[in-house]
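Report on the following structure.
Read-outs: derived from the displayed coordinates by stated rules, not from any lab. Keep in mind that this is a model prediction, so the values were computed, not measured. Virtual Cβ from ideal backbone geometry, glycine too; neighbours counted across all protein chains shown.
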């Protein structure tokens, strides 16, 4: 047999072996990293997806929260993980679209080169909500108070550079008001102080706030999405409240380290689409106002690029920075 035939045969054998290996995927538990602290919208989305994928794939998909540095710590760690489909990460508007503009040369990962996009999971409305103790009934009430006494309104977020931080600074810039930012280590402790009246406002993902809103502890003033949230039909959008064209939502997607085989990416994407159609597995997300997507890797990649451009302009215009 000629050397060429031997090389061709050996290559075909390797391809066959690898194809067989990917066909057996997954053969063990899958780690699903959330780059934020427990208690926020990201965990609600991640746990809903993990539960459904566990059923779909026949292997445990377990959530691991790894907060810090606006998601940068988890992203930097996962980019170094083996690209074998057994370490995934929850992509987010902050880590994929905002952080490149916010951190610049300090970034420890490249959202494009270090990861492969699998699918956009969901878009979640942001909502400006205030403590019941704050006394504001409308967005105009809050803006008027902020203009009367600049810096007197404290708003909480899940941390410096978080989606909530960026969203509120974006709104403050558009409204021409000055607010005082109080960063927390996650949405959980932020909500505790907001409900208790230690801070007055937040601009956070609806799923993390909806229980407190329905319970009366928080008052929703406006949603940041282009249309009203189905779960809060009486709450106007920010655009309807006097700021035409204003829109901001949080979004979440499934990502894997760069180099993950196409066969695994396709398997995860197809199973995620099925999972998102499950009424039982996605009930919590739907009830909390999330718009479920489930697009292709190519569509998600284009969406990330568009969001990076949009948020880059927002960061620049609002002169947002983190120390």
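The long axis of helix 139-148 is offset from the longest Cα principal axis of the chain by roughly 60 degrees. May I ask what percent, to the nearest 5, of DSSP beta bridges between residues of the chain are antiparallel? Approximately 60 percent, going by the DSSP bridge assignments. Where both bridge residues fall in segment 125-223, DSSP classifies roughly 60% of the beta bridges as antiparallel. Peptides 70-83, 198-211 ordered by packing proxy, namely the average of other Cβ atoms within 10 Å per residue, highest first: 198-211, 70-83. Based on the Stokes-Einstein relation at 20 °C and a viscosity of 1.002 mPa s, and on the Kirkwood radius from alpha carbon pairs, the chain is assigned a translational diffusion coefficient of 104 µm²/s.
Add -39500 (n - 2.57) for each DSSP H run of 4 or more in the chain, then divide by its residues: what number comes out at 222 nm, to the nearest 500 deg cm²/dmol?
Calculated mean residue ellipticity at 222 nm is -13000 deg cm²/dmol.
From the square roots a ≥ b ≥ c of the eigenvalues of the alpha-carbon gyration tensor of segment 216-323, which class results: rounded (a/c under 1.5), prolate (a/b over b/c), or oblate? Oblate is the answer for segment 216-323, as a/c is 1.5 or above yet b/c matches or exceeds a/b. For segment 37-51, backbone nitrogen atoms closer than 18 Å to the point 7 Å from residue 283 Cα along Cα-to-C-beta are found at 44-51.
Rounded to the nearest 10 degrees, the inclination of helix 3-23 to the longest alpha-carbon principal axis of the chain is 40 degrees. Within the listed set 105, 122, 50, the Gaussian network model of the chain (springs between alpha-carbon atoms below 10 Å) gives the highest mean-square fluctuation for 105. Using a simple spin-label model with pseudo-atoms 7 Å out from Cα toward Cβ, residue 113 and residue 137 lie 5.6 nm apart.
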